[in-house]
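The structure appears below as structure tokens.
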Amino acid sequence: MPRTGSIPDPIDEAIGRRLRLLRSQKRLTQTQLGEAIGVTFQQIQKYERGANRISAASLIRAAAVLGTTAAALAGEAAPGLIADTSVLEFLTHPQAPELLAAYAAVERPEDRSLILRLAEALSRPGPDWGSGAASA
């Protein structure tokens, strides 16, 4: 299907989300991944946004660097890769994997509930509690 204007193709966006998630999990920068597969970091940015379509050759190279398969990056089910791309967007936020790991380590259900309530409260518009303006 031909691309129309600058509207990203949903398939390219999904591949980009998987690419970004795995790159983040491997703690690679866009520059490092780009150098490993022979493209610029700007090109990696475009792949991750779905703005540019990734070639088969670059997809295969990226998969090898990220320890997965091109099929997994393209959306085929694979061990260790989340198939539901709606979850991927959340996991690409800075520190989201670390937050999830810390949350999973909390043993008491009541404590996990408190963490969830705190996160929900902080996500609502209101006072700027995270401004760092606390007095010492």
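The values are calculated or read from the model by the stated rules, or taken from the named source; none is laboratory data. All of these numbers come straight from a predicted model, not from anything done at the bench. Here Cβ is always computed from backbone atoms with ideal geometry, including for glycine, and neighbour counts include all displayed protein chains.
Which number in (1) among the basic types (K, R); (2) outside any helix (DSSP H, G or I); (3) modelled with pLDDT of 90 or more marks the one condition that R23 misses? Going through (1) among the basic types (K, R); (2) outside any helix (DSSP H, G or I); (3) modelled with pLDDT of 90 or more one by one, R23 breaks only (2).
The set of residues in the stretch 14-34 being without any contact (Cβ under 8 Å) to a residue 60 or more places away in the chain and under 18 Å from T68 (Cα atoms) consists of G16, L19, L22, R23, K26, R27, L28, T29, Q30, Q32, L33, G34. Restricted to the stretch 15-70, and to residues there that are within 12 Å of the chain's Cα centre (by Cα) and among the basic types (K, R), the residue that is farthest from P97 (Cα to Cα) is R49. Across the stretch 26-58, the qualifying residues are those that are part of a helix (DSSP H, G or I) and charged (D, E, K, R), and the one among them that is surrounded by the most Cβ atoms within 10 Å (Cβ to Cβ) is E48.
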